[in-house]
1. Can you pull out the residues in segment A:29-56 that are free of Cβ contacts under 8 Å to residues at least 40 places away in the same chain and either farther than 30 Å from residue A:166 by Cβ or crowded, with 16+ Cβ neighbours inside 10 Å (or both)?
2. The conditions are (1) away from chain B (no Cβ under 14 Å); (2) assigned to a loop (DSSP other than H, G, I, E, B); (3) surrounded by 21 or more Cβ atoms within 10 Å (Cβ to Cβ), and residue A:26 fails exactly one of them. Which is it?
3. Given the conditions (1) within 14 Å of chain A (Cβ to nearest Cβ); (2) surrounded by 12 or more Cβ atoms within 10 Å (Cβ to Cβ); (3) part of a helix (DSSP H, G or I), and given that residue B:262 satisfies all but one, which numbered condition is not satisfied?
4. Residues B:286, B:298: which one is exposed (fewer than 13 other Cβ atoms within 10 Å of the Cβ) and within 30 Å of residue A:44 (Cβ to Cβ)?
5. Could you check residue B:85 against (1) over 16 Å from the mean Cα position of the chain (by Cα); (2) farther than 23 Å from residue A:97 by Cβ; (3) within 14 Å of chain A (Cβ to nearest Cβ) and say which number it fails?
6. Go through the residues of segment A:180-189 one by one and say whether even a single one is surrounded by fewer than 16 Cβ atoms within 10 Å (Cβ to Cβ), modelled with pLDDT under 90, assigned by TED's automatic domain parsing to the domain that holds residue A:24 and closer than 26 Å to residue A:144 by Cα.
7. Of everything in segment B:160-210 that's touching a helix residue (DSSP H, G or I) at 6+ places or on another chain (Cβ under 8 Å) and outside any helix (DSSP H, G or I), which residue is modelled with the lowest pLDDT?
8. Quick check: is even one residue across segment A:31-50 more than 23 Å from the chain's Cα centre (by Cα) and either in the same structural domain as residue A:122 (by TED's automatic domain parsing) or more than 25 Å from residue B:90 (Cβ to Cβ) (or both)?
């Protein structure tokens, strides 16, 4: 298990992350969400000791990475903004990674390059953004590290690459030996991928959601009532997502049979369940505070 | 794993070392060929009598010989600068710091590789130069190379190269801006040349041998201090200050004080008057403050303009 314990980092007297704590098990795909600039990348850089923490620890199987850096080889992170790969050809990259990650799988690396039509002769810096993201993921997977951090892996990618990355990540956790921590400022990207979502807000870890639990309770409904007035039961128990004429789209964070009876008793013209997205869940749970695409 | 770390670092720096070796050998050949042009046929031996003494060899009037070329000092200076700077600006430090190797081991392995590589380059270049001297030796002239002069010259040269390496290596560790770093180390190196001339004047009453060995001892001490201090700082290097002048903001005030004292010293040592001291102190104090605190000053100025 990887444990982040009370991790704190200040940069230029500004608190970037404060008292961040969470556990992360192999087999989990954990999403990390938060607004731009909330400290997601700083958290990753501090976890991987590129930035030295002001306080707190990162432990892997109870080994403190500060005191026992060798344990860090179970943790993989490529900084998408600052990495050394630019001037190297793709075929050269395993020379470096294999000397750090002793389980690095060169054959699989070559196979994946071929599968995604990436030329080993190409320099990393000459690749498109999407191709670089793919190479980063291929390096992450073939490193065979237990804990893999992906920072905005879907940023600016086309739908095909996005699907490829998502399916590779899902395949990889199937045997429960690897875990992923994936950051994104767009909740839709993590939908269907993450089991758990951490929400960073105001430099702190504001929530740690188990999505299965949240989804089991919540429902998204489309409703039309005869009267223009919104019934009190909706105001009390739901979050209004969208209004279109008299059509209301709402999310009930805790949809119970009693609530269902109350709604039906109002004789709505339309009462229809809609697929619930991660974004809906966050709107329902955090209201405007989440700051995500609220006016869409 | 130490072996893997060495292989990793060699994988990173090998192109640099091969390129440097190639350039060094070419430069060495050029220097050696120019030396042979200066040889006079009035001497029957290549070296003067000084080669038999425990002194740094000075060329005789019959011709120059690069026993230990200043070129080696220059490549040590350049390597110290580039090996540390490249890893910061090329983001290789990110990879190293996340690699699971202890920082101390990374630092000393990298330093060991750099110094071994430089020594190998010096030796290969010197061998090529000596070969040229041997091949170009005129008829009737003999090759009277003696150990005292040879060893003293090499030792003195290597210590000078080491301290130049250490100065650049240390500067590149604490300065996070490439342009400012180059200006800083060039300025400091030039000031050292001036200081060296001054101290040569001050030690005129001492025996040459004593001065040379004293200088060697002081340079070596300075190099060791810088390299050990560098290892302490490397363990505490946090990369969020990459791109700022100082990678360690806590060094700002000590650096400011050293800068002001050093500039005041070098501009007033040759003068018995008080005016140069006051002027150099004032200029250094103002310039140092504006330079080291410029991000905060610029930010304040921007805020004032915004208001």
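1. A:42, A:45, A:46, A:49, A:50, A:52
2. For residue A:26, the exception is condition (3).
3. (1)
4. The conditions single out B:298.
5. Residue B:85 satisfies every listed condition except (1).
6. no
7. B:203
8. So far as segment A:31-50 goes, no, none of its residues is more than 23 Å from the chain's Cα centre (by Cα) and either in the same structural domain as residue A:122 (by TED's automatic domain parsing) or more than 25 Å from residue B:90 (Cβ to Cβ) (or both).
The values are calculated or read from the model by the stated rules, or taken from the named source; none is laboratory data. Keep in mind that this is a model prediction, so the values were computed, not measured. Here the Cβ is made from the backbone with ideal geometry for all residues, glycine too, and neighbour counts use every protein chain on show.
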